[in-house]
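This report refers to the structure that appears directly beneath it.
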Amino acid sequence: MTRERAAQKRDKLAATLDHCGDVLRGSLLERTTFHSAGCPKCAHGEGHLQWVLNVNYPGAKTRQLSLRPGQVPQVRKALQRYRQAKETLEAISEINQYLLRLDRDESKERKS
């Protein structure tokens, strides 16, 4: 790949990152919670469905955010956008590394 083509590819990838305001990092979990007493639904073993956004932080810290059922599709889309943005950033990083290697090699050729 030529330097010009690599730079064009990088710029095209970077242009796709314009919707990064609506991203979420973490995992969407489906849980069933049970009351300890007094709930007929729990007494029959059904429990209550609960959606949770789980986010891990450095130092073994975890934050969990309970979601309303109507928020689940929005959260799924935001998690997908995060994964896509992360993949795009990785691809841009790889291209930038390639360009750095080109610069290094061209510098060596000029000195020879």
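The values are calculated or read from the model by the stated rules, or taken from the named source; none is laboratory data. Nothing here was measured: the structure is a model prediction, and the numbers come from that model. Neighbour counts are summed over all protein chains in view; Cβ atoms, including those assigned to glycine, are modelled from backbone coordinates with ideal geometry. Just so you know, the surface numbers come from the protein's heavy atoms only, side chains and all, with ligands and any DNA or RNA stripped out. Shrake-Rupley method; radii C 1.70, N 1.55, O 1.52, S 1.80 Å.
For segment 66-112, the share of accessible area belonging to carbon and sulfur comes to 50 percent (1.4 Å probe, ligands and nucleic acids excluded).
Normalised by the residues of the chain, what does the relative contact order come to in percent, with Cα pairs under 8 Å and at least six apart? Could you put the intermediate results ahead of the total?
On the way: 107 pairs, mean separation 34.6, N = 112.
In percent, rounded to a whole number, it is 31.
Here's the picture: charge each Lys and Arg Cβ at +1 and each Asp and Glu Cβ at -1 in segment 61-112, and of 73, 92, 107 the one pushed furthest to the positive end of that dipole is 73. Accessible surface for the chain, divided over its residues, is 77 Å² per residue with a 1.4 Å probe.
In a DSSP loop and with at most 16 other Cβ atoms within 10 Å, the chymotrypsin sites (Phe, Trp or Tyr not before Pro) in segment 1-97 are 34. Non-local lysine pairs in the chain, meaning eight or more places apart or on different chains, with alpha-carbon distances under 25 Å, amount to 6. Here is the list for segment 20-112: GluC sites (Glu not before Pro) lying in DSSP coil, each with at most 15 other C-beta atoms within 10 angstrom of its C-beta, are 46. Calculated [222 nm] ellipticity per residue, helices only, for the chain: -17500 deg cm²/dmol; basis is -39500 (n - 2.57) per DSSP H run with n ≥ 4, divided by all residues, nearest 500.
Between residue 6 and residue 28, take the C-beta separation as r, use R0 = 30 Å, and let me know the FRET efficiency to the nearest 0.05. Please report the intermediate quantities before stating the final value.
Working: r = 36 Å, r/R0 = 1.20.
Using R0 = 30 Å, I get an efficiency of 0.25.
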